[in-house]
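A quick write-up on the structure given underneath.
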Amino acid sequence: MIEASPGEFTRPEIHETDLLTINYTSGTTLRPKGVMITHRNAWMNSIGTLLEVEGVLLRHPAVEEVAIVGFPNEQWGEAPHAFVVLHEGARADERELREFARANLAHFKAPHGVTFVKELPKTATGKIQKYILRAQRPAIAPQ
């Protein structure tokens with residue numbers, strides 16, 4: 001018999017070379033089957049989700065640039081947060097962008113918060129420096 005959980009879950013440290021196992025049963029034989037992928041592959045799948053969210057927000061007429069980063073979330077582990085640059089003279093608020101995302105994405109993919117910035121931090125080659133955006137988390141008031 002499985003014992004009840006103590007109610008608190010401590011997230012283990014996971015490295016990109018660790019293995020992730022997804023077990024399921026065959027619908028016809030009921031024998032367990034397994035799929036083994038690395039955490040790096042799971043991470044790469046999550047990157048696809050981030051790009052999907054960014055692509056949806058870029059379709060909003062007021063949005064010039066967007067970057068999505070994961071912020072810690074008690075319920076989900078991490079939740080998407082959007083950093084948005086608006087077109088010059090354009091107006092939009094957090095509620096409008098979150099509703100736009102929810103209308104065009106699965107609800108769990110929609111950003112849990114939006115921070116408006118004048119520009120996104122970039123390298124000399126134009127790559128967005130998301131680690132700088134993540135570092136701004138303490139300065140952002142909880143929504």
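The values are calculated or read from the model by the stated rules, or taken from the named source; none is laboratory data. All of these numbers come straight from a predicted model, not from anything done at the bench. Note that we place each Cβ from the backbone using ideal geometry, even for glycine, and neighbour counts take in every protein chain shown. In case anyone asks, the SASA skips ligands and DNA or RNA and just uses the protein heavy atoms, side chains included. Shrake-Rupley method; radii C 1.70, N 1.55, O 1.52, S 1.80 Å.
Modelled spin labels at A106 and D93, positioned 7 Å past Cα toward Cβ, are 3.0 nm from each other.
Amide H contacts of Q129: K122, T123, each under 5 Å away and 5 or more positions distant or on a separate chain (H built 1.01 Å from N in the peptide plane; Pro and chain starts excluded).
Proximity of backbone amide H atoms, modeled 1.01 Å from N, is registered between V114 and A82 at under 5 Å, excluding neighbours fewer than 5 places apart on the same chain. Take T10, project a point 7 Å from its Cα along the Cβ direction, then tell me which residues of region 58-95 have their backbone nitrogen under 15 Å from it. Output list for this probe position: empty.
Its convex hull of Cα atoms gives region 53-143 a direction-averaged projected area, equal to a quarter of the hull surface, of 6.1 nm². Amide hydrogen proximity for H87: with H placed 1.01 Å from N in the peptide plane, the residues at 5 or more positions away or on another chain lying under 5 Å are V63, E64.
Peptides 108-114, 61-67 ranked from most to least packed by the mean count of surrounding Cβ atoms within 10 Å: 108-114, 61-67.
Only protein heavy atoms count here; on that basis, with a 1.4 Å probe, T123 has an accessible area of about 50 Å². At full extension, W76 and K122 could sit 13.7 nm farther apart than now, given 0.36 nm per residue minus the alpha carbon distance.
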